[in-house]
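The values are calculated or read from the model by the stated rules, or taken from the named source; none is laboratory data. These numbers come from a predicted model, not from an experiment. A quick note on method: Cβ atoms are made from the backbone with ideal geometry, for glycine too, and the neighbour counts reach across all protein chains shown.
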Amino acid sequence: MKNDLVKLNFLEFISEANHAVVSNSNLNSLVFLASEVNFRLVTLSTIINRYINEKKEQEAIFDNLRNTFFNCSDEESERFNPHIGDDLRTTEEAYFLQIDSISKGVLLNSYSLLENSLNDICSVYQKILNLEISYKDIQGSGIERSIKYLKKIIGNENINNNQQWSSIRDWNKIRNVIAHNDGFINESIENIIQKFDLVSYRAFSVNESTVGQMKVHVPLLQCKEFLYLIDEFLSLCIIEINDVS
């Protein structure tokens, strides 16, 4: 069996699926997988675009309110509620937390898509090559286990030797902090925050142990960049099967 890496964009894999010398049933499995991943990537991207546009509109409203309130004359200011400045700041903070929750939810969903897609790719190639061993038999868990399977069992030698994989491992650390530590920053991700242009903010917390600690915020544009990264990396997971024996 000879394995050669085919450099495909995963979104275009449907039209390129005939590169694999496999039966129609297995080819259909690959086509279905590519179609499903494509649909979910587009759906998540659409959600991100929607909230990016909404955020721009909302920020314009906040800017207009600030300009109206803080740049008015003393006579005009008497017409305003004396607490309007505090109310505006509270509303802005609440909206930021809403966007923060949305972006983190999108990131976690995107990461789940990546993890499940890698597992599915492993299963498809197990079927193509008629192998008894599955990715579940490999030591480890999550995306690391799938990558071991694709490298050692399927023969994709370069799967973990590229910039995309390095970036995904960094995103994995961000994901773990969000999923398991409520987004509170630790030393393991401080450099990654700068690398990916993420944002840190002081936590709003009533828990004495976390008051004043910093949390990570993943801007919506960075969530979109993560989707592009997933698309690029999944394309590297597809290898051409020239000879199936």
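Mind checking whether some residue in segment 162-180 is among the aromatic types (Phe, Trp, Tyr), assigned to a helix (DSSP H, G or I) and either in contact with a strand residue (DSSP E or B) (Cβ under 7 Å, 6 or more places away or on another chain) or touching a residue at least 40 places away in the same chain (Cβ under 8 Å) (or both)? Looking through segment 162-180, at least one residue is among the aromatic types (Phe, Trp, Tyr), assigned to a helix (DSSP H, G or I) and either in contact with a strand residue (DSSP E or B) (Cβ under 7 Å, 6 or more places away or on another chain) or touching a residue at least 40 places away in the same chain (Cβ under 8 Å) (or both). Of the residues examined, LEU198 is not one that is farther than 30 Å from GLU132 by Cα, at pLDDT 90 or above and among the aliphatic types (A, V, I, L, M).
Taken over segment 119-146, the criterion of being over 29 Å from VAL199 (Cα atoms), part of a helix (DSSP H, G or I) and of a type in the set (A, V, I, L, M) is satisfied by ILE121, VAL124, ILE128. Is it true that some residue in segment 9-21 is at pLDDT below 80, surrounded by 15 or more Cβ atoms within 10 Å (Cβ to Cβ) and more than 30 Å from ILE153 (Cβ to Cβ)? No, there is no match, as no residue in segment 9-21 is at pLDDT below 80, surrounded by 15 or more Cβ atoms within 10 Å (Cβ to Cβ) and more than 30 Å from ILE153 (Cβ to Cβ). Please verify whether ASN116 is closer than 22 Å to LEU229 by Cα, assigned to a loop (DSSP other than H, G, I, E, B) and either in contact with a His (Cβ under 6 Å, 6 or more places away or on another chain) or free of Cβ contacts under 8 Å to residues at least 12 places away in the same chain (or both), treating the condition exactly as stated. The answer is no for ASN116. Of the residues in segment 86-96, at least one is modelled with pLDDT of 70 or more, closer than 30 Å to LEU229 by Cβ and not in a loop (DSSP other than H, G, I, E, B).
Considering only segment 27-65, state which residues are among the aliphatic types (A, V, I, L, M), exposed (fewer than 14 other Cβ atoms within 10 Å of the Cβ) and either in contact with a Pro (Cβ under 7 Å, 6 or more places away or on another chain) or closer than 26 Å to TYR125 by Cα (or both). Correct list: VAL42 only.
Pairing residues of segment 209-227 that are in a loop (DSSP other than H, G, I, E, B) with residues that are among the aliphatic types (A, V, I, L, M) and modelled with pLDDT of 85 or more, at Cβ distances under 8 Å and at least 6 apart in sequence or on separate chains, gives GLN213/ILE185; VAL218/LEU107; VAL218/ILE174; VAL218/ILE178; VAL218/LEU198; PRO219/LEU198. The set of residues in segment 147-161 that are part of a loop (DSSP other than H, G, I, E, B) and surrounded by fewer than 20 Cβ atoms within 10 Å (Cβ to Cβ) comprises GLY155, GLU157, ASN158, ASN160, ASN161.
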